[in-house]
Amino acid sequence: MADLGTLAAAAQEVAGSLGRHPAPDALEARRMQALSLAVHIPIVCFGIAFPAMFLFVHGLYLRTGDPAYKALAKRWSKVALTIFAVGVVTGTILSFEFGLLWPDFMATFGEVFGLAFGLEGVSFFVEAIFIAIYVYGWDRLSPRAHFLTGIPIVISGFAGSFNVIAVNGWMNNPEGFTVADGRVTDPEPWTALFNENLAHELVHMYIAGYIVAGFIVAGVYASAWLKGRRDRYHRTGLVVALSFAALAAPVQIIVGDWAGARVAETQPVKLAAMEGLGETTEGAPFTFGGFYDTEDNEVKYGLEVPYMLSLLAYHDPNATVQGLTSVPPRDRPPVNWVRFAFQTMVGIGTLLALIGVVFALTWWRKRRLPRSRLFYYAVMAAGPLSLVALICGWITTEVGRQPWIVYETMRVSDAVTASDSLEVGFAVLVAVYLFIGGALFWLIRRLTARPPETEVGAPVRH
Amino acid sequence: MLAEICLGFVVLGLTAYAVLGGADFGAGFWDLTAGGDRRGGRVRGMVQRSMSPVWEANHVWLIFVLVIVWTAFPVAFGSMFSTLVIPLFLAAIGIIFRGAAFALRGQAATIREARFLGAVFALSSVLVPFFLGAALGGVASGRVPVGNMAGDTVTSWWNPTSVTVGVLAVITGAYIAAVYLAGDAKRAGLPDLVEAFRTRALGAGVVAGAAAIGALVVLRSDARPLFDGLTSGDGLVAVIVSAAAGVATLALVLTRRFGPARLTAALAVTAIVVGWALAQDPYVLPDELTLEQAAASDATLLALVVSVGIGFLILVPSLWYLYRLVLQGRLDQDYEPLDQRFRPQTASDRPRGRT
Ligand code: HDD
Ligand code: HEM
Ligand code: HEM
């Protein structure tokens, strides 16, 4: 299979233990995988961040006894339970897809990275158990026991993402196995689990969860605010959600910088694609906008800032940055996709951090919410924008890894199923996700339309 | 040894899923067959109330099984999922519809919404166990060879054994669900529903027994090695235990002792899953791949056994806490017939005292 030019790389490559791969670009399967992930990940952000948010409000209620806090915590936990259910089913689809779309990836490497999913299973269990106890336990368990049952939900939300991200980190920076004669031997599952990409991806994704969930929830209350609903209940909803998001957003820039430095070190080709850098360059510039020309291997119509890329990636203006042409064309990812996604993420990230800083400064200096209507419109826009940043981040990571499913070890085309009728499956999935999306939207609207009194059976507005 | 422990995890997970998840699917079956809004409202209300706190935890057993199989027996996993792509994809779609529709039905505001979501929930509750059962039937009857889609994508699951196992999965789920729901209705003090589910349990029990006997006949002609395994040695013991537990359950339901009936019903299912594993020993994929050949390397198996073992230390007390709260009725919501919210209350809606 390997031609002469790539023989050196091929020594490390693995073809898969099942054999038979008639789909050279695996486009159908990749589309299906990307669609399912793009549905699951935003939902999961609520699994990460919402429990901490409703537990915080619950804590306020326990301290003050104010029914508005109780109504809010109860309402949020009910929404979280429904979103959790949708997270469960969309996550199940993903688990099936691992086998249905990438049987040879699983057959070849399942024993290397599977451990993380084993741990993941446990954390999902804990989450499912305690979220049910918590939500159905309102007014039925003792106040103390009830609050305590919320804590495992927060922990398992973290543990769940820890394990999936460990797998993704490993796919991007594989270690913990040996390749001999194109076969995988000596798996070291613990090494694979605690791979070098885990830390930055986990922190970045975890914070992203707070940004996405925080801004989306805050957006709902910001729109209520603009419509004049400014009682204690709505105000608390806005302030709590916004505080979580506002604290997370500026931090994300620092973490993002760390992620970039890690990518520069472990996946230089991905970095080159993110920046559209053709030739290996000393003191490389950073280019805004424009598009990458794959004939000439350079960015056309972009705005160059000299030395900035070397500075950002290696914190040294004269550092050498590896370019795309250092590897043969068949080993390069689709540059424009990756680059556009990356720049969108960074742009939106900067904007979100700005909103966060405005909010935090106003709150800190003047102990009140910003007065400008513009601010509330910005918060309403921040929710959808953070979703876009999230997906763009994943496109950067995943498409930037192409053509490898396991970086520099196994090609996507060697992992894919031999099925040739995936279009049907894709069409069905699109329909299913439209149904789910519509249903969730309908549900949230229904819930927000219900007055908070229905939660506690007592007046909460003052 | 490590491989056997991992196989043990798979059998444990499948059993738990069949007993607990199966009951949730079975509840969907009774939801589907409950009749019109008014007549079926009471049954549906009970289904909604019983399933709500537990179905998500019950569902995780399926994920648990998948994860163990792909880590401990990766080649078998890849082979099964590529050949059995059709039933598994359909099951996955069914799972989405089932879960989402169930979660949303609780928030329905009009009878039309409730009706639509209920139909989606109930219909997929019947299809999912059928397709999962059909996929297992394909494995058990030796129709899944090693390789990337090496088997026939249609006959691997559309064959006498698969269809039989699929139907059996639907019926046993319905049986267990009726037993559980009768117990829950008794706890809720709703004698009319106790009777309704008791009748259903007795009916489904008789049908399940007949279907099990029919299944043996089918296996004899279609999957002889599996049949031989189930009718000799340890396999036979398991089948007998299962049959005895099934009959005992019927007797207990007949005499209205639903608590013990829960346990014997679970035992009947457990025995049959274990019997299947014993019957195809030493193969994971019959005639293709033995347990020995399918197993991942020792380092992986050891890591998996250790981490799942530690996980169980957290999991078992958590599950115990959940089911204890549920069985004590501490998480019970107020009972209301499903169609209640959409029409004025009448005298027949109110609970009629405790039993
Ligand atoms: C709300 C979401 C969000 C925001 C505001 C940002 N990111 Fe991000 N980014 C993600 C959400 C995200 C993510 C969760 O989607 C990714 C995908 C994989 C990962 O670990 O996090 C990601 C990946 C990712 C990667 C690739 C990591 C890898 O492949 O290993 C880099 C280099 C950055 N990000 C850099 C940044 C920078 C410099 C940002 C500054 C403004 C930024 N991100 C804001
Ligand atoms: C455990 C974590 C993950 C695993 C194991 C995983 C696995 C995969 C696999 C097998 C593919 C198909 C092969 C390929 O095109 O590279 C893929 C593609 C993709 N994944 Fe991931 N993924 C993970 C996390 C994510 C997440 C969280 C996202 C976020 C949305 C994501 C986004 C994508 C996208 C957009 C593609 C399509 C790439 C393309 O079209 O070329 N992935 N991933
Ligand atoms: C390809 C990758 C992925 C797979 C195979 C996958 C699988 C699953 C499964 C099976 C569930 C449901 C568990 C249950 O039954 O209770 C689930 C839910 C969840 N997943 Fe994913 N997942 C993937 C990506 C991710 C990513 C990237 C994250 C986040 C960082 C994530 C975080 C979660 C969380 C927190 C839940 C719990 C549900 C919730 O809280 O909403 N998953 N996932």
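The values are calculated or read from the model by the stated rules, or taken from the named source; none is laboratory data. Since we're looking at a predicted model, the values are computed, not measured. Cβ placement follows ideal geometry from the backbone for every residue including glycine, while neighbour counts extend to all protein chains displayed. Quick note on the areas: whole protein, heavy atoms, side chains included, nothing else; ligands and nucleic acids left out. Shrake-Rupley method; radii C 1.70, N 1.55, O 1.52, S 1.80 Å.
Please report, in Å, the Rg and the Dmax of chain A, where both are computed over Cα atoms only.
Over chain A's Cα set, Rg and Dmax evaluate to 23.7, 77 Å.
Using a Förster distance of 22 Å, how high is the FRET efficiency between B:Met1 and A:Thr178, based on the Cβ-Cβ distance and rounded to 0.05? All intermediate terms of the calculation are to be shown ahead of the outcome.
Working: r = 24 Å, r/R0 = 1.11.
Once the sixth-power term is evaluated, E becomes 0.35.
May I ask you to evaluate 6.51 cos²θ - 1.76 cosθ + 1.60, the Karplus curve with θ = phi - 60°, for each residue of the stretch B:207-222 and list the ³J(HN,Hα) values in order in whole Hz, giving x for glycine and proline?
Result, rounded to whole Hz: 5, 4, x, 4, 5, 5, 5, x, 4, 4, 4, 4, 4, 4, 8, 9.
Considering only protein heavy atoms and a probe of 1.4 Å, how much of the accessible area of the stretch A:268-353 is carbon and sulfur, as a whole percent?
61 percent
On average, how many beta carbons from a partner chain sit within 10 Å of the beta carbon of a residue in B:45-56?
3
Using the Cα gyration tensor of the stretch A:248-399, with a ≥ b ≥ c the square roots of its eigenvalues, what is the shape: rounded (a/c below 1.5), prolate (a/b larger than b/c) or oblate (neither)?
Prolate.
Put simply, what bits of the stretch A:187-228 lose 10 Å² or more of accessible area when the other protein chains are there, versus the chain on its own (1.4 Å probe)?
Flagged in the stretch A:187-228: A:Pro187, A:Pro189, A:Trp190.
How much mean residue ellipticity at 222 nm does chain A get from its helices, if each DSSP H run of length 4 or more adds -39500 (n - 2.57) and you divide by all residues, to the nearest 500 deg cm²/dmol?
Only helices count here, giving -23500 deg cm²/dmol.
Quick check: pseudo-label points 7 Å beyond the Cα along Cα→Cβ at B:Phe116 and A:Arg330, how many nm apart are they?
Here the answer is 5.1 nm between the modelled labels.
HN-Hα J couplings of the stretch A:349-366 from phi, Karplus 6.51/-1.76/1.60, θ = phi - 60°, integer Hz, Gly and Pro as x?
Listing the rounded values in order: x, 5, 4, 5, 4, 4, 4, x, 5, 4, 4, 5, 5, 4, 5, 6, 7, 10 Hz.
Measure off, as a whole percent, the carbon and sulfur share of the 1.4 Å-probe accessible area of the stretch B:49-144, all protein chains present.
Solvent-exposed carbon and sulfur of the stretch B:49-144 make up 75 percent of the total.
Does any residue of the stretch B:123-158 lose at least 30 Å² of accessible area with all protein chains in place compared with its chain alone, and if so which ones (probe 1.4 Å)?
Flagged in the stretch B:123-158: B:Asn148, B:Met149.
Taking 7 Å along the Cα-to-C-beta vector as the label spot, tell me the B:Gln328-A:Asp293 distance in nanometres, rounded to one decimal.
7.4 nm
First check a/c for the protein assembly as shown, with a ≥ b ≥ c the square roots of the eigenvalues of its C-alpha gyration tensor; if it is under 1.5, answer rounded, and if not, answer prolate when a/b is larger than b/c or oblate otherwise. Mind showing how you got there, number by number?
Working: a/c = 2.21, a/b = 1.17, b/c = 1.88.
The shape class here is oblate.
Please give the calculated 222 nm ellipticity per residue for chain B, where each DSSP H segment of at least 4 residues contributes -39500 (n - 2.57) and the sum is spread over every residue; nearest 500 deg cm²/dmol?
-25500 deg cm²/dmol
Identify the trypsin sites (Lys or Arg not before Pro) of the stretch A:178-229 meeting these criteria: DSSP loop state and at most 11 other C-beta atoms within 10 Å of the C-beta.
On the way: sites: A:Arg183, A:Lys227, A:Arg229; in loops: A:Lys227, A:Arg229.
Those satisfying the criteria are A:Lys227.
Chains B and A: how much accessible area gets covered up at their contact, both sides added, probe 1.4 Å, in Å² to the nearest hundred? Write out the running numbers ahead of the final one.
Working: alone 16290 and 21420 Å², together 31950 Å².
The contact between A and B buries close to 5800 Å².
Using 1/(1 + (r/R0)^6) with R0 = 51 angstrom and r between the beta carbons of A:Arg367 and B:Thr231, what's the FRET efficiency to the nearest 0.05? Mind showing how you got there, number by number?
Numbers: r = 79 Å, r/R0 = 1.55.
Result of the calculation: an efficiency of 0.05.
At 1.4 Å probe radius, can you tell me the per residue accessible area of the stretch A:103-256 in Å²?
On the way: 4810 Å² over 154 residues.
It amounts to 31 Å² per residue over the stretch A:103-256.
In cubic angstrom, how much convex hull volume per residue do the alpha carbon atoms of the stretch B:1-138 span?
98 Å³
Considering only protein heavy atoms and a 1.4 Å probe, what is the carbon-and-sulfur percentage of the accessible area of the stretch B:202-315?
Values: 3870 of 5410 Å².
For the stretch B:202-315, the apolar C and S fraction of the accessible surface comes to 72 percent.
Given axes a ≥ b ≥ c from the Cα gyration tensor, I'd like to know whether the stretch A:174-261 is rounded (a/c under 1.5), prolate (a/b larger than b/c) or oblate.
prolate
Using only the Cα atoms of the stretch B:199-238, what are the Rg and Dmax in Å?
Just the Cα atoms of the stretch B:199-238 yield Rg and Dmax of 12.4, 37 Å.
Report the normalised scattering of the stretch B:220-328 as log10 I(q)/I(0) at q = 0.12, 0.15, 0.23, 0.24 Å⁻¹, calculated by the Debye formula with identical scatterers on the alpha carbons.
For the stretch B:220-328 at q = 0.12, 0.15, 0.23, 0.24 Å⁻¹, log10 I(q)/I(0) is -0.68, -0.93, -1.09, -1.12.
Got a number for the accessible area of A:Leu374? Probe 1.4 Å, square angstrom, nearest 10.
130 Å²
Which far-off residues, 5 or more places away or on another chain, put their amide H under 5 Å from the one on A:Glu298, with H placed in the peptide plane?
A:Asp293
With a 1.4 Å probe on protein heavy atoms only, tell me which residues of the stretch A:87-102 lose at least 50 Å² of accessible surface in the complex relative to the chain by itself.
Residues passing the criterion (a loss of at least 50 Å², heavy atoms only) are A:Val89, A:Thr92, A:Ile93, A:Ser95, A:Phe96, A:Leu100.
How far apart, in nanometres, would the label points at B:Gln293 and A:Thr185 be if each is projected 7 angstrom from Cα along the Cα-to-Cβ direction?
2.1 nm
Going by amide H atoms built from the backbone, whose H comes under 5 Å of the H on B:Gly189, apart from near neighbours?
Distant-sequence amide H within range of B:Gly189: B:Thr355.
What is the set of long-range amide H partners of A:Ile405 at a cut-off below 5 Å, with H atoms built 1.01 Å from backbone N?
Amide H neighbours of A:Ile405: A:Met410, A:Arg411, A:Val412.
In sequence order, what are the phi-derived ³J(HN,Hα) couplings for the stretch B:228-241 according to the Karplus relation 6.51 cos²θ - 1.76 cosθ + 1.60 with θ = phi - 60°, rounded to whole Hz, with x for glycine and proline?
4, x, 7, 10, 8, x, 4, x, 5, 4, 4, 4, 5, 4
Debye sum, Cα scatterers, the stretch A:322-462, no solvent: what log₁₀ I/I(0) at q = 0.10 1/Å?
Summing over Cα pairs of the stretch A:322-462 leads to -0.66.
Between A:Phe441 and A:Leu374, what is 0.36 nm times their sequence separation minus the Cα-Cα distance? Round to one decimal in nm.
21.6 nm
In Å², what does the accessible area per residue of the stretch B:69-129 work out to with a 1.4 Å probe?
Spelled out: the 1.4 Å probe surface of the stretch B:69-129, per residue, equals 25 Å².
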